[in-house]
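Following: one structure in structure tokens, then a few remarks.
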Amino acid sequence: MRKSAAYICFFAALLAPGLQARVHARKSAEPQNQVQGQESAPPDPASALADIITAACRGDEAALANSFTSANAVAYRALPAGQRKRLLQRFSLMDVTGKPMLSSDQDNHMVIRCETQDGVAEFRFGATRLEDNLAFIPVSVVGGQSDDFGLVREGGNWKLLSVGLVLLDIKQLSVQWAASDLAQREDDAAIALENLATAIDNYKTTFGKLPGSLAQLGPGPTRQVTPEKAALVSEDLAAGSQEGYRFIYRVVPGPDSSGSEYVLEALPEDYGTSGRESFFRDASGKIHDADNHGASATADDPVWQEQSPQ
């Protein structure tokens, strides 16, 4: 599937694909003390970074906002709820909230574990490096990679500035995520066309005819499969709408009166927000796409580049 290059964000090193492979799917038997949240800023950069990770583990959006520089704090609070949650997950490396636990290693460096019902992410801090009003702390994820977190002193408190070599810019990150989400919805719409086509072909094989509408492909009130409710696609897709796209199904005459064929369309419901690309699956099975400002794509438009060979 096509992925927007803008989706590569500041957390690239720690949040590469295969995130859950970096997480211990076991509970620790070691006695440790739970980190208690604190309202005031910690006195040193390592404690400040520990508060950031523990706030993310708990799902504490307010505490996380207080860990950012003033401009990033404003931008973070303005994010849509889904993006705020996504950012929390990127700091905790877990998809659900959990319990943060604090301990130290033999060198007296901090060790933070985020324990959730799905598993455990463990962060090990290295020695803090101070440079005037900047601090850099190496952090290793057990089973994963390492990177330096940069903090800056702002108003006497330590605030998160960067991860690795990339400055943290939440406003720009929000723009990148929006572009990435739009591209993902477009890809999902094209794949939904392929899934609909598979369902239609299965319907024809089972019942000896093409369905009269997408509604006939959806689930019924009971588990019984009938020509009216074949239970081949989700309820949303059978209703012709899914994740910001509208789907259209039409039966068309086949060549030389050889029977009926069908075509499919996918159109953004809110052009520019839910998607820009329109998709058209022709009777031969090729999917065409184009930015037609919300209008239908046609067989004259380019073939969708991610489509599997026919």
Gyration tensor (alpha-carbon) shape descriptor, region 139-248, a/c threshold 1.5: prolate
Order of Glu235, Glu154 under a 10 Å beta carbon neighbour criterion, fewest first: Glu235, Glu154
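How would you rank Met94, Met110, going from fewest to most other Cβ atoms within 10 Å of each one's own Cβ?
Met110, Met94
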Amide proton proximity set for Val120, modelled H, under 5 Å, gap of 5+: His24, Ala25, Arg26
Residue-by-residue Karplus 3J(HN,Hα) for region 146-157, coefficients 6.51, -1.76, 1.60, Hz, glycine and proline x: 10, 7, 8, 9, x, 10, 10, 7, 10, x, x, 10
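Test of understanding: ordering Glu115, Glu131, Glu243 by Cβ neighbours within 10 Å, fewest first, what list do you get?
Values: Glu115 21, Glu131 8, Glu243 16.
Taking fewest neighbouring Cβ atoms as first place, the list is Glu131, Glu243, Glu115.
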Amide H partners (placed H, <5 Å) of Tyr245, local residues excluded: Glu269
Distance from region 227-265 to region 152-218 (C-alpha centre basis), Å: 22 Å
For Val166, residues with placed amide H under 5 Å, excluding near neighbours: none
Overall form of region 147-191 per C-alpha gyration tensor (a/c, 1.5; a/b vs b/c): prolate
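FYI, it's all coordinate maths here, none of it is from the lab. Remember, it's a predicted structure, so these values are computed and weren't measured experimentally. All Cβ positions, even for glycine, are placed from backbone atoms using ideal geometry, and neighbour counts span all protein chains on display.
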